[in-house]
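Reviewing the structure listed below.
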Amino acid sequence: MIKKSKIKELINDKVAPILSDELTKHGFKYQKSKQLFSRQDTKGFSHIINISAPYSPLVHDDSTDKLSFVFEVYGEIKIPSYEKWTFDTLGYQTNFYFNTEILRSKIELSFDDFDDDSSYAPTASQQFKRIVTLALTRDSNFHDGLIPLDDFLNIRIPNLVSRISENADILKIYKSSHSPFQHINLLFFGGYVDLANEEFEKYYQFLVQEIENKLKISEAEAHNSIGVLNWLIKNVKKVANLTFVNPFEGSIKVLNSKNEKFEFSKKTQFIEKLRLDISQFEIRAFNINPLCEILIITKNQKLIKINSKGELVFEREIENIPNIWAFGVIEETNDFFMNNYIFTPDNNIIELNLPVQKLKKGQVQYAVNSDFAYWHKNEKYLIVYEGTFLVFSKDGSLESSIDIGEKYRSKILAKREWILIQKGETANIILNFDGKVLGTYEFGKGNTLYEFSPNYEFLISFSYSTKSQFYNLINGDKNTLWAHPTYLKDYKEKIYNGVSHNFGMNIAKFSPDNKYIVGGADHGKYVAWNLPKLERIELMPSDEVIELLEPLITSWSNINERGVEVTKVEKVTLGSQTFLKNRRNDMSQIIFFEDGDIFITELGYGKFVLSWDRNFKNLTYKKIDGRLDFHSKKYLTQNTSKELIIYQQQ
């Protein structure tokens, strides 16, 4: 197969010079790195003619033994000043362009244009993709419609230049948009304010009618359109002298209690405290402080605070927050935090101003995989941001910063005055608050998840690899945790029908008293280890639960027949040990109560919850209809698609 670098070379050295003779007459200049011709007009429009090649650009004529190279060009109009206006006015980056049709032609090549370095031997996968792509392009007559080179240069290229010039006009671009209302902001930029206002009014009425029609079917049908309407309302406030309202504005409502309970043991019981209807919002994240105040972030960029009775405290718009990298409640306080913002109980907001980054033109400053913590000892806010450890005073002033090098998966451990950083995907490194390395702890391939024991004496690394790493941070000892003991004879063959991959542990937590670890691995494996000896225990649900767990259903077919194979959940004995054969129902949450005397495991991402005692006996189970979580050491929550239910321990 021909290398991409060779195709680029052919475009630059063979195609571009031929086009240049004609295009330079019209003021175009060639940009070799971008493979395009461009020119600027007096109105601020960029006229662009791009050159590219189809997937399989070389054509050999067997009858003449001639080799040809197929290329394509298309025109494009860009308005750099409009892109800057959009960023400055609306706060987001747009990549505006207006394209013409694609024109194809070909040039003749010589076999001398190629050498041994022009091609490479494809892998089996690459060869397969090439065969499929060629089959698809043949079916669509991909090489049909090639324009003879003379006509291409003397007729079609001048016509293309004229079409670009004629369409370099804001009104023409707007009227020729593929979808209605696509470029209303462009009208404002161009000074067509009255027309833009008319179009905004039309778009608003169109969306309202569309939502009303969709609501007749279901709320789910209308959800996306309501999101677009919210975007339109925000947009209009920034660019036009108009005010629109959302007649479908959602609200969170208090529902009648169903008096639901979770009875995990005789002592550990939770009763329903508050039931909220959240069906009109897509919840991005939520948290609950010790006062049972709830802070909710929605996917349409709203921040909603509700008190313990379900009454609205405030509702605010938030912008330019694509990622929530830190969200929770500051320990031993009633303050919420989100990224670099703190929300106090009296509803004040403290912003911790992050250092300004040097960014390319038009880019927005966003945080990358950072962490937040509160240092109670010194009453400081701590943030890891873009590989820098930042210390802020209680009033939000930046006091110091230290470069810690790594940007991703960092963790602040304020109680120990540690910072954990990850060196690529090879090791966890613990630093002190001065940036000094205290220890390096290597982990297996892909084991980028980690957990510390509550007393910070142990560290485990886990995720992709079958072997998880266990470190004793006091004496430096290293051990291996096998969630799946695949080293045992016949383990994979008899329990997993020869499956030879995905045996990593995807969730693990230490008990609050540092006495044991609970973990869940791929293929529905539930396991625990006693500390400090690391004795492995297979967590075995009761027979009643095993009967209820979902089987794995797979389809198969061959030339003559097809069928379905059902792999049920069951116990399997190997030697003196009993294991759970379970291809689904992965563990998705672990929560401890009563200092580790009781713990629960959520299965199937909100389908079942099982409770266990510290002897690893399955005490109870319950079918559920949403994800479980535990907040402020007081409140259990169940989050369904329509309801958020808060339970309080009795």
> Where in the range 162-243 are there chymotrypsin sites (Phe, Trp or Tyr not before Pro) that are in a DSSP coil and have at most 12 other Cβ atoms within 10 angstrom of their Cβ?
Replying inline: none
>> Skipping prolines and chain starts, which residues have an amide H placed within reach, meaning under 5 Å, of the one on Phe608, given they are 5 or more residues away or on another chain?
In response: Leu603, Ile624
> If eta is 1.306 mPa s and T is 10 °C, what Stokes-Einstein diffusion coefficient results for the range 542-650, Kirkwood Rh from Cα pairs, in µm²/s?
Replying inline: 98
>> If the only charges are +1 at each Lys and Arg Cβ and -1 at each Asp and Glu Cβ, what is the size of the charge dipole of the range 519-650 around the Cα centre, to the nearest 20 debye?
In response: 140
> Roughly how tilted is helix 157-167, in degrees to the nearest 10 and between 0 and 90, from the longest Cα axis of the chain?
Replying inline: 60
>> Can you pull out the trypsin sites (Lys or Arg not before Pro) in the range 215-261 whose DSSP state is coil and whose Cβ has at most 12 other Cβ atoms within 10 Å?
In response: Lys216, Lys258
> Can you put Glu538, Glu561, Glu315 in order of accessible area, largest first, using a 1.4 Å probe?
Replying inline: Glu561, Glu315, Glu538
> How far is helix 80-90 tilted off the main Cα axis of the chain, in degrees rounded to 10, range 0 to 90?
Replying inline: 30
>> Out of the total accessible area of the chain (probe 1.4 Å, heavy atoms of protein only), what percent is carbon and sulfur?
In response: 47
> Tally Lys/Arg at +1 and Asp/Glu at -1 over every other residue whose Cβ is under 14 Å from the Cβ of Pro345; what's the total?
Replying inline: -3
>> For the pairs Lys509/Lys581; Lys407/Lys478; Lys478/Lys515, flag any whose C-alpha to C-alpha distance is greater than 21 Å.
In response: Lys509/Lys581; Lys407/Lys478
>> Heavy atoms of the protein only, probe of 1.4 Å, neighbouring chains included. What is the accessible area of Thr333 in Å², nearest 10?
In response: 40
> On average, how much accessible surface per residue is there in the chain, in Å², for a 1.4 Å probe, leaving out ligands, DNA and RNA?
Replying inline: 52
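Treat every Asp and Glu Cβ in the range 225-340 as -1 and every Lys and Arg Cβ as +1, leave all other atoms uncharged, and give the resulting dipole magnitude about the Cα centre to the nearest 20 debye.
Dipole about the Cα centre, nearest 20: 240 debye.
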> Which lysines, on any chain, are close to Lys14 with Cα under 22 Å apart, when same-chain ones fewer than 8 places away are left out?
Replying inline: Lys3, Lys4, Lys6, Lys25, Lys29, Lys32, Lys34, Lys66, Lys106
> So what J values fall out for the range 107-116 if you push phi through Karplus, 6.51 cos²θ - 1.76 cosθ + 1.60 with θ = phi - 60°, rounded to Hz, Gly and Pro as x?
Replying inline: 10, 7, 10, 10, 4, 6, 6, 10, 9, 5
> Which of (1) 1.45; (2) 0.95; (3) 1.03 is the computed Rg/Rh (Cα atoms, Kirkwood Rh) for the structure on display?
Replying inline: (3)
> Between Thr620 and residues 5 or more places away or on another chain, which pairs have amide H atoms under 5 Å apart, with H built 1.01 Å from N, and which residues are they?
Replying inline: Ser611
> To the nearest whole percent, what portion of all C-alpha pairs in the range 298-447 is separated by more than 28 angstrom?
Replying inline: 26
>> From the gyration tensor of the Cα coordinates in the range 30-116, what semi-axes in whole Å does the equivalent ellipsoid have, largest first, with each one equal to sqrt(5λ)?
In response: 38, 12, 12
> Cα axis of helix 219-239 to longest principal axis of the chain: angle in degrees, 0 to 90, nearest 10?
Replying inline: 60
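The values are calculated or read from the model by the stated rules, or taken from the named source; none is laboratory data. These numbers come from a predicted model, not from an experiment. With ideal geometry, Cβ positions are generated from the backbone for all residues, glycine too; neighbour counts draw on all protein chains shown. We work out accessible area using only protein heavy atoms, side chains counted, and drop any ligands, DNA or RNA first. Shrake-Rupley method; radii C 1.70, N 1.55, O 1.52, S 1.80 Å.
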